[in-house]
Amino acid sequence: MAEVQLQSTLTCPACGHQATETMPTTACQFFYECPGCHTLLRPKAGDCCVFCSYGTVPCPPIQQSSPCCSNVG
């Protein structure tokens, strides 16, 4: 199995600003404020987090073929 990547570059759909961020390993990140235009990003329908929707690398649970946060609760 490939090593889990913890860095992902998020691209804002509103302004195109890109920022490389470290993904959390113990929680999903549902919100992210774009540093460029301050748009609040939320996951697209069917995605578990902003990294799966707007990042170059999906979140760690998805990389490991595990359920993300949909089973929490």
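The values are calculated or read from the model by the stated rules, or taken from the named source; none is laboratory data. Small disclaimer: the values here were computed from a predicted structure and weren't measured. All Cβ positions, even for glycine, are placed from backbone atoms using ideal geometry, and neighbour counts span all protein chains on display.
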Task: Selection count where residues are within 14 Å of Cys15 (Cα to Cα) and surrounded by 13 or more Cβ atoms within 10 Å (Cβ to Cβ), scope the stretch 36-53 - done: 3
Task: Within the stretch 1-18, considering residues that are of a type in the set (A, V, I, L, M, F, W, C) and under 13 Å from Gly55 (Cβ atoms), the one surrounded by the fewest Cβ atoms within 10 Å (Cβ to Cβ) - done: Leu6
Open item on the list: Show the residue pairs meeting these rules: Cβ distance below 7 Å; 6+ apart or different chains; first residue within the stretch 15-31 and part of a loop (DSSP other than H, G, I, E, B); second residue among the aliphatic types (A, V, I, L, M) and surrounded by fewer than 14 Cβ atoms within 10 Å (Cβ to Cβ).
Closed with: Phe31/Leu40
Open item on the list: Out of the residues in the stretch 19-34 meeting the condition of being surrounded by 14 or more Cβ atoms within 10 Å (Cβ to Cβ) and not hydrophobic (A, V, I, L, M, F, W, C), tell me which one is nearest to Val4 (Cα to Cα).
Closed with: Glu21
- [ ] Just need a number here: residues in the stretch 43-54 that are over 9 Å from the mean Cα position of the chain (by Cα) and either in a helix (DSSP H, G or I) or modelled with pLDDT of 95 or more (or both).
- [x] 2
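Answer yes or no as to whether Cys59 is within 9 Å of the chain's Cα centre (by Cα), modelled with pLDDT under 95 and not small (Gly, Ala, Ser).
yes
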